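Each reported figure results from applying straightforward, stated rules to the coordinates on display, with no laboratory input. Computed from a predicted structure; not experimentally measured. Don't worry about glycine lacking a Cβ; one is built from the backbone with ideal geometry, like all the others, and counts go over all protein chains shown.
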Amino acid sequence: MPERATITFSVTYDGNALDRTRSGLLAFLKGNAIDTDAISEIELATYEVLANIIEHSPAAERGEEILCECALLQNRVEVRIEHRGSRFDLTEGSFPDLREHFSKGKSSGLGIYIVRTLMDAVEYAYTGNRNVIRLVKEL
Amino acid sequence: MSKLQYSLSEKGTVTVITIGGSMDVETSPELHRKLTEVIEKGTKSVVISMGKLSFITSAGLGVLISFNDGVTKNGGKVVLSSMNDKVTKIFKLLGFINLFEIYESDQKALKAF
């Protein structure tokens with residue numbers, strides 16, 4: 001399926017880069033008249049993946065910037081996030097029990113829960129010491 | 001991107017915490033510290049007014065969960081109010097709408113106490 005438009009961000013390992021990327025992604029999606037609800041979900045899921053990488057990557061693995069590419073296709077948006085580092089598959093594991101989390105004041109695992117709940121597909125591959133995450137939102 | 005803004009006020013016996021901007025991984029630790037102070041004061045009745053909140057991430061949700069837990073353990077109650085459509089939809093999709101006590105306006109939230 002032909003791409004309508006793409007945008008690529010190089011994300012450094014700091015919070016300002018998260019804001020810049022989110023801002024750029026929002027402008028790109030709004031500029032291409034993507035549905036408002038879908039924009040909110042893509043915005044949050046992408047943020048969660050990038051924040052998770054930045055928060056959990058050890059210093060030794062921060063030599064290269066994180067690649068974040070968003071592609072608009074005919075009836076879906078795909079976000080591809082790639083970074084060099086230890087293997088971390090966010091498609092693994094079960095969802096947290098939200099009610100138990102809430103009742104015990106716990107918040108671990110919420111980021112991954114958000115990504116997997118908001119996206120229609122989340123795919124993961126690890127190749128050549130690189131984590132590749134693909135998020136798909138159907139339009 | 002609008003950064004986090006917050007303010008505290010008292011409406012009778014209820015503490016109203018107004019939050020705006022972004023509750024994300026960068027801003028949530030500051031809010032967490034402030035809300036911890038509120039818990040340590042023994043505050044029992046809290047409305048969190050979220051009308052100006054434009055973006056909330058897992059970090060922000062974690063702060064709300066932790067704060068709710070702290071106040072509840074003190075024998076108190078936290079309710080949320082005035083969420084805009086964007087935040088409401090995210091709460092619904094994630095299932096948080098059923099966990100927190102949520103009111104459409106601050107006035108209705110204040111009547112919950």
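Just tell me how shielded A:20-26 is by partners: mean number of partner chain Cβ atoms within 10 Å of each residue's Cβ, no decimals.
1
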Got the relative contact order for chain A handy, in percent, Cα pairs under 8 Å and 6 or more residues apart?
29
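Grab the DSSP H runs of chain A that are 4 residues or longer, score each as -39,500 (n - 2.57), total them, divide by all residues and round the 222 nm result to the nearest 500 deg cm²/dmol.
Numbers: 4 runs with 54 residues, N = 139.
Rounded to the nearest 500, the figure is -12500 deg cm²/dmol.
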In sequence order, what are the phi-derived ³J(HN,Hα) couplings for the stretch A:107-115 according to the Karplus relation 6.51 cos²θ - 1.76 cosθ + 1.60 with θ = phi - 60°, rounded to whole Hz, with x for glycine and proline?
9, 5, x, 5, x, 5, 4, 4, 4
Which whole-Hz ³J(HN,Hα) couplings does the stretch A:19-32 yield from phi under the Karplus relation 6.51 cos²θ - 1.76 cosθ + 1.60, θ = phi - 60°, glycine and proline marked x?
5, 4, 5, 4, 4, x, 5, 4, 4, 5, 5, 5, x, 9
Pick out, from A:98, A:108, A:36, the residue whose Cα sits farthest towards the positive end of the charge dipole of the stretch A:5-138, with +1 on the Cβ of Lys and Arg and -1 on the Cβ of Asp and Glu.
A:108
Highest mean first, what order results for A:7-16, B:90-99 on Cβ atoms within 10 Å?
B:90-99, A:7-16
Under 10 Å, Cα contacts only: if you run a Gaussian network model on chain B, which one of B:46, B:25, B:14 comes out with the highest mean-square fluctuation?
B:25
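Is there a simple number for the mean count of other chain Cβ atoms within 10 Å of the Cβ of residues in A:95-106, and what is it? Please report the intermediate quantities before stating the final value.
Numbers: counts 1, 0, 0, 6, 3, 0, 5, 10, 5, 2, 9, 4.
Mean shielding by partner chains, rounded to a whole number: 4.
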With only Lys, Arg, Asp and Glu charged, each at its Cβ (+1 for the first two, -1 for the last two), find how big the charge dipole of the stretch B:18-113 is about the Cα centre; round to the nearest 20 debye.
260
Highest-fluctuation residue, A:46, A:21, A:36 considered, GNM on chain A with Cα pairs under 10 Å
A:36
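Expressed as a whole percent, how much of the Cα-Cα distance distribution for the stretch B:7-113 exceeds 24 Å? Walk me through the intermediate numbers first.
Numbers: 766 of 5671 pairs.
Result: 14 percent of Cα pairs exceed 24 Å.
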